[in-house]
Amino acid sequence: MAQLDGVFRREWGPAVAALARWSGDLSVAEDAVQEACAQALRVWPSEGVPANPGAWLTAVARNRATDRLRRESARGGKELAAVYEEVTARGAGGELHQVRDDELRMMFTCAHPALDRASQLALTLRLISGLTVTEIARALLQSEAAVGQRITRAKNKIRKANIPLRVPPAELLPERTPHVLACIYSVFTEGYWSTAGPSAIRDELCDEGVRLAGELCALMPDDADAHALSALVLLHDSRRQTRVDDSGALVPLDEQNRARWDRGRIARGLEQLRLAEAAPGPYLPQAVIAALHATAPTWQHTDWATICLAYDRLLSITESPVVRANRAMAIGFRDGFGAGLAALDEIADDPRLARTNTVATIRADLLRRAGRPQEAVRWYRVALGNANVSEPSAAFLRRRIAECVTS
C-alpha cells in the first residue's frame, strides 16, 4: 500500500494536468483521476503495477471522464451535448499523450488574476502535487474548512468564467510568474520537509519540484528569479539522501555525511546561482544560504556572517516571521547562543507562528547548544505537543529530549 501511495502521488499531477487539458474542466479531471486511482487499488495488488502506471491511470481516467461527460450531455440538453462533442472531437486525432509543460500549463492557469492569491496556491497544490486538503491546510497554516472552500470556489470560477487551461501569451507571463515560482517551491518543500505521513521526505515531490523549476527556466530563460529558484531547489536537493539514516530517522545538517552530497547537483545549482545574480525576489538570498552550506567543507567552517547578511536581505524583501526565526538561529552561531535567543524573543509572540512549532524547536536547540539541557527539554516537549508535528519530526524531538536528559 505504501508503494502504491508513492506511485499515486508521483503520477497524480501529470494525470490531472493531461485530463484537464483534454477535457477543459478541472473538476472532471480531478474526479476522473481519483476514480482511476480507486480502480488501481482494486486491480494492481493482484495483477501487479503496470510498467507505465502513469499511462494506465491517464487512460482509465480518460475513460471515466468520457463516460461522465456523455452522461451529463444526455441529461443536460444542447449545451452539455456541445461540450461533449467538443471534447470527443479534441481527442479524436489520436491517443492522449502527456506534454512536458502540462503541469506548468496548470500552474499558469491557476495563477489567473481572476483568482485571489490564497486560492491560487491552494488550488495548485491540490491539482499539481496531489496534496490532500489536510496537508495543504498544514502547509499554509490555515484551517481545513477554509482551504476546502477556497479550492471549490476557485474551480467553480475557472469553469464559469471559461478561463482557458493554457500557458498565457508571452506578455502575460511576468505577472503570473511569481505565483508559479511560489507553487513550485511549495511542491518541493512539501517533499523535502514533509508535513505529514510516516516519511520525512517524499521523493516524488522533490523530483517534481526540481523538474518544474528546470522547465520554468527553459520556458523563461531570461527570468533571473526562475534561475534563483532552480538554484535553491538543486542545492537543497543535493543533500536529500543524507537527511535521513537507514531507518528513516532525520539527520540534522551538522551531522550529515558531506561526502555523500550530490556534487553534480551542487555544481548545477551554483551555475543557476550565477545566472540569477540580479534576481530581485526572495529566492536568491535563500539560494545563497543554501550554497554556503553546500560548499562549506565542514559544519565548523560554515560562513555564518554571510548567512546572516543573506537573511537580512531576505527580510528586506519579505516580512516573514519564519525567516526571522531562522535568522535568530544563524545569529546564535555567529554571535553566540545568547544573542540568538534574544533575537528569537523579538518574534516569539507573532500570531502567524501560533500553528507551528518553529519557535519552540529553535529555542530548544539554542538552549541545548548553550549548555542548558533542562530548559531545552521543556521547549522540546512544547514542540512535541504541537498538533501539526509530523511523525519523523516527533521522533527526532524525542531523540533530542533523551540526549538532554542523559547529558
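Give me the accessible area per residue for segment 354-407, probe 1.4 Å, as a whole number in Å².
52
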**OP:** Please arrange R324, R268, R378 by accessible surface area, largest first, computed with a 1.4 Å probe and ligands excluded.
**Re:** R378, R268, R324
**OP:** Treating the angle as unsigned and between 0 and 90°, give the value, to the nearest 10°, between the Cα long axis of helix 26-47 and the longest Cα principal axis of the chain.
**Re:** 80
**OP:** Using only Cα atoms, locate the centre of segment 10-39 and the centre of segment 145-184, then give the distance between them in Å, rounded to an integer.
**Re:** 17
Original post:
Any idea what the dipole of segment 203-295 comes to, in debye rounded to 20, about its Cα centre with Lys/Arg Cβ at +1 and Asp/Glu Cβ at -1?
Top reply: 340
Original post:
Using θ = phi - 60° and the Karplus curve 6.51 cos²θ - 1.76 cosθ + 1.60, what whole-Hz ³J(HN,Hα) does each residue of segment 137-145 get, with Gly and Pro shown as x?
Top reply: 4, 5, 5, 9, 6, 10, 6, 4, 4
Original post:
To the nearest 10 degrees, how steep is helix 283-295 against the longest Cα principal axis of the chain, on a 0 to 90 scale?
Top reply: 60
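Accessible area per residue of segment 125-190 at 1.4 Å probe, in Å²? The partial results should precede the final answer.
Numbers: 2880 Å² over 66 residues.
Accessible area per residue: 44 Å².
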Original post:
Each residue of segment 327-335 in turn: what ³J(HN,Hα) in whole Hz from Karplus with 6.51, -1.76, 1.60 and θ = phi - 60°, glycine and Pro shown as x?
Top reply: 5, 4, 5, 5, 4, x, 6, 7, 10
Original post:
What angle do you read, to the nearest 10 degrees and between 0 and 90, between the alpha-carbon axis of helix 391-406 and the longest principal axis of the chain?
Top reply: 10
**OP:** Using 0.36 nm per residue of separation minus the Cα-Cα distance, give me the extension gain between V244 and E144 in nm, one decimal.
**Re:** 33.1 nm
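Carbon and sulfur together cover what percent of the accessible area of the chain at a 1.4 Å probe radius? Write out the running numbers ahead of the final one.
On the way: 9660 of 18720 Å².
Roughly 52 percent of what the probe reaches on the chain is carbon or sulfur.
Which whole-number percentage describes the relative contact order of the chain, with Cα contacts under 8 Å and a sequence gap of 6 or more?
11
Rounded, prolate or oblate, given the Cα gyration tensor of segment 298-407, with a/c below 1.5 counting as rounded?
Details: a/c = 1.91, a/b = 1.28, b/c = 1.49.
It comes out oblate by the Cα gyration axes.
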Subject >> Distant-in-sequence amide H partners of V244 (H built 1.01 Å from N, under 5 Å) >> reply: V251
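Pop the C-beta distance of T298 and N162 into the FRET formula with R0 = 45 Å and round what comes out to the nearest 0.05.
0.20
The values are calculated or read from the model by the stated rules, or taken from the named source; none is laboratory data. Every value quoted in this text rests on a predicted model; they were computed, and no experiment measured them. FYI the Cβ positions are ideal-geometry reconstructions off the backbone, even for glycines, and counts take in every protein chain you see. Side chains included, ligands, DNA and RNA excluded: accessible areas come from the protein's heavy atoms. Shrake-Rupley method; radii C 1.70, N 1.55, O 1.52, S 1.80 Å.
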